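Laboratory data are not the source of any read-out in this text; all were calculated from the coordinates shown. None of the values given here were measured: they were computed from a predicted structure. We place every Cβ from the backbone using ideal geometry, glycine too, and count neighbours over all the protein chains shown.
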2 protein chains.
Amino acid sequence: MYVAILAGGVGTRLWPRSREAMPKQFSDVIGTGRTMIQATVDRLDGLVELSDIYVITGRGYRALVLEQLPGLPPENVIVEPDGRNTGPAIGLACAHLYRRDPNGIIALLHADHIIQDPVAYRAVLQQAALAAQGDYLTVLGITPTSPHTGYGYIQRTGEPLPASGTIPVYAVDSFLEKPDQATAESFLASGSYYWNAGNFICRVDRMLGEFERQLPDLHAGLMAIGDSLGTDRADEVLESVWQTLAPISIDHGVMEHAQRVAVIPLQAGWNDVGSWDALEEVLPVDDEGNVLVQGETLLVDSHGLIVSGGKRLIALVGVEDLVVVDSGDALLIGHKKQIQKIKAVVEQLRAEERFDLL
Amino acid sequence: MYVAILAGGVGTRLWPRSREAMPKQFSDVIGTGRTMIQATVDRLDGLVELSDIYVITGRGYRALVLEQLPGLPPENVIVEPDGRNTGPAIGLACAHLYRRDPNGIIALLHADHIIQDPVAYRAVLQQAALAAQGDYLTVLGITPTSPHTGYGYIQRTGEPLPASGTIPVYAVDSFLEKPDQATAESFLASGSYYWNAGNFICRVDRMLGEFERQLPDLHAGLMAIGDSLGTDRADEVLESVWQTLAPISIDHGVMEHAQRVAVIPLQAGWNDVGSWDALEEVLPVDDEGNVLVQGETLLVDSHGLIVSGGKRLIALVGVEDLVVVDSGDALLIGHKKQIQKIKAVVEQLRAEERFDLL
């Protein structure tokens, strides 16, 4: 099995820790001493060799990837000239792999997801590889733990596929857009819906075959890029062709109308840490209701806090339900229930051209 | 008129801005660009020459005083070997002045008080000097703006003294301890009570005469110290005698039972900034209910804040009624209504011997 890790995101929802120059996948968001992309590779240990792992990212992050993943062959860092959504990114990864091993299995994963149970995770990936060998485009279906309205959902068919081993594999009935609250609650109650976290396992040629059938122009572009690889025209072709590729998501462009799509339930403590308050879901909450991620803190009568400190002591006195993040050059203090408004902070910094803080 | 500024306090109620190595009188607490002791001297401009100003402080702060008050004659810094309350400190200042000008008028002021109206303040000091020439021990009575239970009160007699000019001077009926809430409310309603902020104006020999009458041992010690001044035994005498002096407050030891005590009402925006929430009383509160003292801030839906920042941006998102102070090496985030619990922070730092943060 090969792995292609999508690491091109520039999310700002974890500002000020996640920055354009250092997005969250390159940061140690949960205070383990490993960045998220390092943890992504760590949890593949024993399953995939480093030489079989590829990272798709922006040009500005290439050096960071190689620095954080020593031992990764430099040619395994695939640079997108710019962000054009997940369709072209995944297509580019497949075009690279196609030259090396057209029938190989590829797991398309994200650099900024957390998995709390790597043993269960690896077992699911292995099961997914078996399904992929059986010609399925396989998607990891996150078993929902809440009626979340921020994710797309995957509806499975009723019974596991006959080929399933100890971990069930289901045919996918449909991919569904982000639901409203009532719909999300019915999905949760039904037990046959999963969150779509955008992790896919398939044969390289099967994925490219779906591109060819559903997105022939995009496929032709990818093939042109693939043909140029290893020649001295490679960079030039990539630059010129890339600009012509439609910026479409893999879900809309390929998965929703693909043939033979399977879903494997994943119950392994998955979390994409979409905002600071998600840390309560992935880190221990102490007896006082606080999540002290890192840094030195001194609390007096304070509860319900999420604190990610830096080099200085943070003293908290009589406060509740705050998110506090010290990145050294900036400090965030927000109410946990209103932390999505961090978007307005980033927008204002952008309007003021404070590139040092973005 | 001479001035003696008491600058020996090591208050921690404004931690982390006020520190043992840099108490609040040496800090720019309100973000004006001047420290509190500098502002104390600034507001005497035109009334008292720098050569007539003395500063009483601990040995560790002597260099800081001279650095912050360039032009102050070095011999005008009077060092207390250790803190022994206001009685000995004021007595020591008087002993020094007695050698220079025994009938001189001395204003005994504090280095860590804020005055918002220096013009009114200087007029009151001038009136107090007149009363002192008339043999009165004069105390500034802060016209109360709330039924504060944290100050001692001064009760005036009914009518202004005949010698009063445009600013009334009253004989003092009694000095009163910190009252309970109901008593404080009756004091406020009556209009004849003032906060005792410990600022006195008197002839030097009158004050020493009260020491002699009420505290003869302390007076004898002060005289021994005074006699040694200018000789090569001065340091030795100070060190040995100082340890024998009773650590008594000027209020208990002298003022409460002194003869011919007068009070002059002071309505000049006095504040001793006893805790961070007092900044709301002395600095402008903006339309959103925030006091942004210093540093760069970015607020989103946040109200009722007091923010004293440092070198880094502080972003505040959806929060209310917080005090935020960034001193560079420490950060305080406290609820405005519970900010007195800062004491517990300082106590814990002391218990952990974190002298770097005290």
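Whose amide H sits under 5 Å from the amide H of A:Leu299, counting only residues 5 or more places off or on another chain, with H placed in the peptide plane?
The answer is A:Leu316.
Please report how far the C-alpha centroid of segment B:101-133 lies from that of segment B:241-290, rounded to the nearest whole angstrom.
Distance between centres, Cα-based: 14 Å.
Could you tell me the convex hull volume per residue, in Å³, taken over the Cα atoms of chain A?
Taking the convex hull of the Cα positions in chain A, it is 147 Å³ per residue.
Sort B:Cys94, B:Cys202 by Cβ crowding within 10 Å, fewest neighbours at the top.
Ascending number of Cβ neighbours within 10 Å: B:Cys94, B:Cys202.
Which residues does the label zone of A:Asp135 cover in segment A:251-268, counting backbone N under 13 Å from a point 7 Å along Cα→Cβ?
A:259-261
Placing a label point 7 Å from Cα toward Cβ, how far apart in nm is B:Gly274 from its equivalents in the other copies, listed shortest first to one decimal?
5.0
So for A:Thr143, B:Thr244, fewest C-beta neighbours within 10 Å to most, what's the order?
The order, fewest Cβ neighbours first, is B:Thr244, A:Thr143.
Determine the sum of side-chain charges near B:Asp301: Lys and Arg each +1, Asp and Glu each -1, restricted to other residues whose C-beta is under 13 angstrom from that of B:Asp301.
Charge balance in the 13 Å sphere: +1.
Residues with beta-carbon under 11 Å from that of B:Ala89, excluding B:Ala89: net charge, scoring Lys, Arg +1 and Asp, Glu -1?
Here the count lands on -1.
Give me the three principal axis extents of segment B:213-339 from the C-alpha atoms, as integers in angstrom, largest value leading.
For segment B:213-339, the Cα extents along the three principal axes come out at 63, 37, 25 Å.
Can you list the copy-to-copy distances for B:Phe355, using a point 7 angstrom from Cα toward Cβ, in nanometres, shortest first?
Inter-copy label distances (nm, one decimal, shortest first): 4.7.
Compute the relative contact order of chain B as a whole-number percentage, counting only Cα pairs closer than 8 Å that sit 6 or more residues apart in sequence.
RCO, chain B: 19 percent.
Using only the Cα atoms of segment A:276-357, construct the convex hull and provide its projected area averaged over every direction, in square nanometres to one decimal.
Taking the Cα atoms of segment A:276-357, their convex hull projects to 5.5 nm² on average.
For segment B:142-257, what percent of Cα pairs sit more than 18 Å apart?
Of all Cα-Cα distances in segment B:142-257, 63 percent exceed 18 Å.
Calculated FRET efficiency, B:Lys341 and A:Arg59, Cβ-Cβ r, R0 45 Å, to nearest 0.05?
Calculated value: 0.35.
What length, rounded to one decimal in nm, is gained on full extension from B:Gln348 through to B:Thr32, with 0.36 nm per residue of separation minus their alpha-carbon distance?
110.6 nm
Using square roots of five times the C-alpha gyration tensor eigenvalues, list the equivalent-ellipsoid semi-axes of the protein assembly as shown in whole Å, biggest first.
Value: 74, 24, 21 Å, ordered largest first.
In nm, to one decimal, how far is the modelled label at A:Glu75 from the one at A:Glu288, with both set 7 Å along Cα→Cβ?
So the label points at A:Glu75 and A:Glu288 sit 5.5 nm apart.
Report, by chain and number, residues whose modeled amide H sits under 5 Å from the one on B:Asn199, excluding near sequence neighbours (fewer than 5 apart, same chain).
So B:Asn199 has HN proximity to B:Leu140.
In which sequence would A:Lys337, B:Lys341, B:Lys336 go, from the one with the fewest C-beta neighbours within 10 Å to the one with the most?
A:Lys337, B:Lys341, B:Lys336
Relative to 2.2 N^0.38 Å, what does the C-alpha radius of gyration of segment B:99-198 come to as a ratio? Two decimals please.
So segment B:99-198 has a normalised radius of gyration of 1.14.
Could you run the Karplus curve 6.51 cos²θ - 1.76 cosθ + 1.60 with θ = phi - 60° over segment A:309-323 and give me ³J(HN,Hα) per residue in whole Hz, x for Gly and Pro?
Using θ = phi - 60°, the values come out as x, x, 8, 10, 5, 10, 9, 10, 10, x, 10, 9, 6, 10, 10 Hz.
Taking the Cβ of B:His219 as the centre, find all other residues whose Cβ is under 14 Å away and add up their charges (Lys, Arg: +1; Asp, Glu: -1).
Residues close to B:His219 contribute a combined charge of -3.
Per the helix-only calculation at 222 nm, which mean residue ellipticity applies to chain A, given -39500 (n - 2.57) for every DSSP H run of n ≥ 4 and division by its residues, nearest 500 deg cm²/dmol?
-8500 deg cm²/dmol, from helical runs alone.
Viscosity 0.890 mPa s, temperature 25 °C: what is the translational diffusion coefficient of segment A:54-155 from Stokes-Einstein with a Kirkwood Rh over Cα pairs, rounded to a whole number of µm²/s?
The Stokes-Einstein estimate is 154 µm²/s.
Report the per residue volume, in Å³, of the convex hull enclosing the C-alpha atoms of segment B:1-68.
Output value, Cα hull per residue: 85 Å³.
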